[in-house]
Structures are given as C-alpha cells and as structure tokens.
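Read the structure below first, then the notes.
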Amino acid sequence: MHIYAEKRFLDNNIKNISDALELEIISDQPNKNSYLAYDGNGLSFIKDAANPKEFVHIDFLKGKLGWRIKRAEHESNLKKALGKTKKELNIFDATAGFLSDSMIFLSLGHKVMAVEQSKIIFYLVEDAIKRAQSEIPFLKNLSFLNGNSLDVFKTGKGSFDAIYLDPMYPIMKKNVKGSGDMRSIRSILKLENISNEANDLCDAFMQCEYQKIILKRPLKYKKIYSNINYQVKGKTTRFDIFI
C-alpha cells in the first residue's frame, strides 16, 4: 500500500505519517488496490482504487459526526449508560475506532483516554484531531494512543471511572453488507492482519479490576454475560453495564 499525495501537499505531517506507517509517498494516483490519500482536506483511506468514491475521511467539524457532537446533550442513552453524575469522569475507551462516542463523552465534560490498535485508523483520526483542535476546545481532555488497549490499561496510566467497549458489530444476516464505514474498517483490519474477536477483548477486560464496564451491542444480539447489572436500550443499540 502507498500514500498518494501531490507535491503541493507534501508537508511534515504526511512525511511523519509515511515514516510511522512505513509507506512510500507517490505522486501518481494508484489504479488498483487500497491506498491512503493526502490533500488539502487531510488524510483519507480509499478501499479500492477502482471505486475511489468509497473512502474513509474523518471530520469532527462537519458531516454526520460533526452533527452528533453539536447535539451531544441529546445523546440520552450514552448519558444513561454513564449514570447520573455531575462530576467529571475519567473514561477509558478500549475500542476507539473513529472516536464517535468518545467525542460525545468529551463534549459532555469528561476526560477520555482512547486506544486504537489499527495504525491506519489511528493516523486517520489523529489527522482529524489536528484539523479540529483549534475549534474544539474539549479535545485538550483527550489522550489518544495507538496500541493494544488491554496492555495500555494494565500499565496503570490512570484511574478510570468507566471502561467503554464498542467492539465491531457482528455481521448480521439481515445486513450482510453493512455500512460503507463498517466495510472500510473491516478492510483496514484485514490489511493490518488485526484480529477482531470481540468476545476475547470483553472477556479480558472482565478479568481486570474495574469500577464500571459499558459494553455496546446491537439491540437483539445475544447476551454473552449473565452478570449484567442493568441495560440501556435504544432503537437499534443497547448498552450492557457491569459494576
């Protein structure tokens, strides 16, 4: 895989990303396979050069995610999952992904340490953070790391009020294709040979010392654990809470 960038867009940021990912920067747009692209809008992942319109580009200032952040107070189910509290919480997001839910936690006034195992997803998100940090003050309360979340948690870098787990949703028979973002994430994980065993991750955190675990699952997905303290249910999603 390569990073495609025209010469006018070459800067220290993309050079650092190239070094970190050990990917060559090329000036000719690829015509096959997956690749990263860097331009005036930032970093993007193109799943298939034959269909460049299907891509991942993260933006916290506009689009679906920007809209969610602006109306964070309406995220009633996430707020219920955190519990009634006026104090600032320290939350450990073990499955950071695109930071969709962590950005809501931050906008509600909490602090978040978020860990993402995929290097490609990490740099896509980090690029979005750099573009947004001057306009979103609460990003100063985010610690964003690349690595194995269980290993990071066990290093004891902080005391957390809640562990948030949102592993990849299973492929349901009624929705085999899934969303474009979901397909792209699966493609990235496959490229990096990263296992996506949700149960293994959840089991591992259940063995740790914790105050609260919040597990996000599809509404009708089978219950894996019998020690759920309570649930918060939405139209398509539920949160299983363990205390």
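The values are calculated or read from the model by the stated rules, or taken from the named source; none is laboratory data. Note that the structure is predicted; figures quoted are calculated from it, not measured. Neighbour counts run over all protein chains shown; Cβ positions are idealised from the backbone, glycine included.
List of remarks:
- Helices (runs of 4 or more DSSP H) lying entirely in the range 124-243 (those with 1 or more residues that are modelled with pLDDT under 90 and of a type in the set (S, T, N, Q)): 180-191, 198-206
- All conditions but one from (1) among the charged types (D, E, K, R); (2) surrounded by 19 or more Cβ atoms within 10 Å (Cβ to Cβ); (3) over 20 Å from L142 (Cβ atoms) apply to D93; the one that does not is (3).
- Filter pass, L21 being under 22 Å from R186 (Cα atoms), in contact with a helix residue (DSSP H, G or I) (Cβ under 8 Å, 6 or more places away or on another chain) and at pLDDT 95 or above: no
- Among residues of the range 27-47 being out of contact with any strand residue (DSSP E or B) (no Cβ under 7 Å at 6 or more places or on another chain) and among the small types (G, A, S), the one that is surrounded by the fewest Cβ atoms within 10 Å (Cβ to Cβ) is G40.
- Of residues in the range 35-55 being at pLDDT below 90 and touching an Asp or Glu at 6+ places or on another chain (Cβ under 9 Å), the one farthest from E135 (Cα to Cα): D48
- With respect to (1) surrounded by 15 or more Cβ atoms within 10 Å (Cβ to Cβ); (2) over 19 Å from F153 (Cβ atoms); (3) of a type in the set (G, A, S), the lone exception for A50 is condition (1).
- The requirement of being of a type in the set (S, T, N, Q), under 18 Å from the mean Cα position of the chain (by Cα) and in a loop (DSSP other than H, G, I, E, B) is fulfilled nowhere in the range 47-66; no residue meets it.
- Residue selected from the range 212-232 under the condition surrounded by 12 or more Cβ atoms within 10 Å (Cβ to Cβ) and among the charged types (D, E, K, R), by the criterion nearest to the chain's Cα centre (by Cα): K216
- The single residue among L150, L89, L142 that is in contact (Cβ under 8 Å) with a residue 24 or more places away in the chain and more than 17 Å from the chain's Cα centre (by Cα) turns out to be L89.
- When the range 1-25 is filtered for residues that are in a helix (DSSP H, G or I) and hydrophobic (A, V, I, L, M, F, W, C), the ones remaining, listed by number, are F9, I14, I17, A20, L21.
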